[in-house]
Protein chains: 2
Amino acid sequence: MAKGHVRLADVAKAAGVSQGTASNVFSRPEVVREEVRERVLNVARELGYGGPDIKGRLLRAGRVNAIGVAAVEPLTYFFDDPWARSLMTAIGEVCDASGTGIAVVSAMNEERLAWNINSALVDGFILLCVEGGERLVQLTRQRQLPFIALALGIEDETIPAIGIDNISGGAAAARHLLELGHRNIAILSIGDVDGLVGVVAPERVDPEMEATPRDRMHGYWQALADYGIPREAVPIQGTLHDRSSTLMAMEALFSSANPPTAILAMSDKVALFAMQWLAERGLKVPEDVSIIGFDGVPEAAISLPRLTTVAQPFAEIARRSVTAILENAVPENREALDLELVVRDSTAAPRLR
Amino acid sequence: MAKGHVRLADVAKAAGVSQGTASNVFSRPEVVREEVRERVLNVARELGYGGPDIKGRLLRAGRVNAIGVAAVEPLTYFFDDPWARSLMTAIGEVCDASGTGIAVVSAMNEERLAWNINSALVDGFILLCVEGGERLVQLTRQRQLPFIALALGIEDETIPAIGIDNISGGAAAARHLLELGHRNIAILSIGDVDGLVGVVAPERVDPEMEATPRDRMHGYWQALADYGIPREAVPIQGTLHDRSSTLMAMEALFSSANPPTAILAMSDKVALFAMQWLAERGLKVPEDVSIIGFDGVPEAAISLPRLTTVAQPFAEIARRSVTAILENAVPENREALDLELVVRDSTAAPRLR
DNA sequence: GAAGAGTATTGAATCGGTTCAAAAAAATCC
DNA sequence: GGATTTTTTTGAACCGATTCAATACTCTTC
């Protein structure tokens, strides 16, 4: 019948024991005599005390048992974007196993970002740095919590990060198509740069493109060069990594006089959209057009046809990041993990002409 | 160069001001004289103080500015399941607008669940009660924070909940098919009950099925009855709401002598799997088979063909739940929101015979 | 130059617990 | 029965901030 809130101190007083004992009743029951324990518990029940408030404990302990995953994207990004979701799923698995909570923190605008990063109750951050990473890193560093960046394009070697080897991944993708016999290949690039939508000239890649797509591009080029195909011979269509710009890119690619027989897509997301466009156009995959994605998101495994792709080791990335945060042992040197070519049903030899 | 951690008190002492003033420098800078402010700020920088620790503030303020979303599912559920994701996306949008954080809390096993619920730093919970909801509700109630249950099947009227009108939603779906002229309809049900996979006799629905699918079923039956079709005439195939059991169900449905011309699927997820099966079998949607889903997840809008469905008002559900938690004003009476029939390309009149 | 009006700053209480050295009580031993 | 050991309990410090009444400064103004 207590007005307002019942605190541990209230219970202790009502039960006639010290606050220390009352605390023990809840957090280390084995240490207090059974008779006393019962009495305290009864009083607690009568008073409507719901057990120790986590806030007190955490303040004392200094850790919250949760990690934050942050991105410079709206909150919906975590539940929408296939790449982010794959990562979150993997992170979720690791956290589940260790009883760690996950807080998602996002921010569209600058001030929100700062506020969200600063007010998140977490023991450390995993940063999804697809874009605008610098600011995110800066803010996080200021908070003085362990953090680790994923998919970072920033050169700064002092930022702890786990990356993937986009160049050799790209090369593996291109090599796969080339080995199948394709010589007329087009590239679907991704990015957040408004200027890089539609036809993209190769010489604009290095100065203008973000690090991830740039590296993948160089991987493609590398393999193509091995087969004697110069980069100028391979059309690049830039997309904003969304549905509409992908559909436009496909439209452009296939309205040319000599449409490609195979497509190198820089993400599964874009590849999947492209497959939809092809299906609507009545073009069969892989008979008419082969397509290979990038990332290895789960959707790629259940699409029709199942998408060939270059898979990221999500589980490994998640395991390493979470462990690093939890043990406050972020790696000194950067690590670049290998990708794996996963051949499924969306690629085949080109039709004989 | 300070060993260990720098606290506000350290900064205050080093700058020769009271802790109160030091606090003001950071949280209400306008109230302290510029000269002093600068001095404190400088000292803070020298000492490597990264601004007030959120834990202290929160302890004082008593609120965390975050809400928890909990489910009796592995953490990956939130990023995998289309329904959960739709909801999370909507919740994310509302939270973004108000600067509220989101913590996802999950639990496969009993003890983890208790621990996770009790140690989540949140101001309240949104419960995704698809199954095993009782225990989740009980635990949450114990924590004495505001909470609201979604998709609750439990009858207990004292549990604050926001629901949807599954019966009239189901009726709308069935009516749509009936109006198009279908008379040979099959039902794809969903659930977590192992026994309810494969053929399900109508009389088992009420005693064995969970509330959500049961209500949807009654909605279907209601509309069917209006057209003079008895429930016994409509085959029910139970699925476990996953890919493999759905494919098996489709296999069973279409290996019968008289396969259906239309399918009532109890979720978009199942409907989408079913469409894949049909596509692989060379059956055209909607020409050969019409199919209507349930939920209105985003994937349904971009599938090929786009899926007709009965859409939940996710945005409205999210808005109400988050507001209720944040304002600690959970509704007394239960609310049931209306669903909306969204007609797209997966339903059409049956082929003339 | 004193009274009055603002503005800045201080100090102590507070949030809700945990922890640990020391004291008290109970059990064991000789 | 007293000394010793073991088990329980106590009380106060502590975690890292915010808050607010009270006090101490600065200006005005007459």
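Taken over the stretch A:96-107, the residue count meeting the criterion of being modelled with pLDDT under 90 and within 7 Å of chain B (Cβ to nearest Cβ) is 5. Just a yes or no: is a residue in the stretch A:140-161 part of a helix (DSSP H, G or I) and among the aromatic types (Phe, Trp, Tyr)? Among the residues of the stretch A:140-161, not one is part of a helix (DSSP H, G or I) and among the aromatic types (Phe, Trp, Tyr), which makes the answer no.
Scanning the stretch A:35-77 for residues that are within 8 Å of chain B (Cβ to nearest Cβ), in contact with a Gly (Cβ under 8 Å, 6 or more places away or on another chain) and among the hydrophobic types (A, V, I, L, M, F, W, C) turns up A:Leu59, A:Val64, A:Ala66, A:Leu75.
If you go through the stretch A:28-52 and keep only what is within 12 Å of DNA strand D (Cβ to nearest atom) and touching a helix residue (DSSP H, G or I) at 6+ places or on another chain (Cβ under 8 Å), you end up with A:Pro29, A:Val31, A:Val32, A:Val36, A:Arg37, A:Arg39, A:Val40. Taking the stretch A:13-31 as the range and being near DNA strand C (Cβ under 8 Å from one of its atoms), in contact (Cβ under 8 Å) with a residue 24 or more places away in the chain and surrounded by 14 or more Cβ atoms within 10 Å (Cβ to Cβ) as the test, the residues that pass are A:Ser23, A:Phe26. The requirement of being open to solvent by less than 20 Å² (accessible area, probe 1.4 Å), hydrophobic (A, V, I, L, M, F, W, C) and under 22 Å from B:Leu150 (Cβ atoms) is fulfilled nowhere in the stretch B:231-244; no residue meets it.
Residue under question is B:Glu287, and the condition is that it be open to solvent by 50 Å² or more (accessible area, probe 1.4 Å), of a type in the set (D, E, K, R) and in a helix (DSSP H, G or I); does it hold? Criteria not met by B:Glu287. Residues in the stretch A:34-79 that are under 18 Å from B:Ser86 (Cα atoms), hydrophobic (A, V, I, L, M, F, W, C) and either at pLDDT 90 or above or open to solvent by 10 Å² or more (accessible area, probe 1.4 Å) (or both): 2 in all.
Within the stretch A:140-153, one or more residues are within 13 Å of another protein chain (Cβ to nearest Cβ), open to solvent by less than 10 Å² (accessible area, probe 1.4 Å), on the phi < 0 side of the Ramachandran plot and not aromatic (Phe, Trp, Tyr). In a residue-by-residue description of the stretch B:80-91, the property of being buried (at least 23 other Cβ atoms within 10 Å of the Cβ), without any contact (Cβ under 8 Å) to a residue 24 or more places away in the chain and within 11 Å of chain A (Cβ to nearest Cβ) applies to at least one position. Among the residues of the stretch B:193-203, the one identified as surrounded by 15 or more Cβ atoms within 10 Å (Cβ to Cβ) and of a type outside the set (A, V, I, L, M) is B:Pro202. Looking only at the stretch A:47-54, decide whether some residue is among the charged types (D, E, K, R), out of contact with any strand residue (DSSP E or B) (no Cβ under 8 Å at 6 or more places or on another chain) and near DNA strand C (Cβ under 8 Å from one of its atoms). Yes, the stretch A:47-54 has at least one match.
Taking B:Leu253 as the residue in question, decide whether it is over 30 Å from B:Ala90 (Cβ atoms) and crowded, with 19+ Cβ neighbours inside 10 Å.
So B:Leu253 passes the test.
Could you tell me whether B:Met275 is more than 25 Å from the chain's Cα centre (by Cα), modelled with pLDDT of 95 or more and at negative phi? When the stated conditions are applied, B:Met275 does not pass them. Candidates are the residues of the stretch A:266-284 that are assigned to a loop (DSSP other than H, G, I, E, B) and of a type outside the set (D, E, K, R); the one that is surrounded by the fewest Cβ atoms within 10 Å (Cβ to Cβ) is A:Gly282. In the stretch A:248-265, the count of residues that are within 24 Å of the chain's Cα centre (by Cα) and assigned to a helix (DSSP H, G or I) is zero.
Scanning the stretch B:93-113 for residues that are touching a helix residue (DSSP H, G or I) at 6+ places or on another chain (Cβ under 6 Å) and open to solvent by 20 Å² or more (accessible area, probe 1.4 Å) turns up just one, B:Val94. Taking the criterion of being in a helix (DSSP H, G or I), under 21 Å from A:Pro259 (Cα atoms) and more than 14 Å from every other protein chain (Cβ to nearest Cβ), the residues of the stretch A:197-247 that qualify are A:Pro202, A:Met217, A:Tyr220, A:Trp221, A:Ala223, A:Leu224, A:Ala225, A:Arg231, A:Glu232, A:Ala233, A:Ser245. Scanning the stretch A:168-184 for residues that are open to solvent by 50 Å² or more (accessible area, probe 1.4 Å) and modelled with pLDDT under 95 turns up nothing.
The values are calculated or read from the model by the stated rules, or taken from the named source; none is laboratory data. Because the structure is predicted, anything quoted here is derived from the model rather than measured. All Cβ positions, glycine included, derive from the backbone under ideal geometry; neighbour counts span all protein chains shown. For the accessible areas, the whole protein counts, side chains as well, though only heavy atoms, and no ligand, DNA or RNA atoms are used. Shrake-Rupley method; radii C 1.70, N 1.55, O 1.52, S 1.80 Å.
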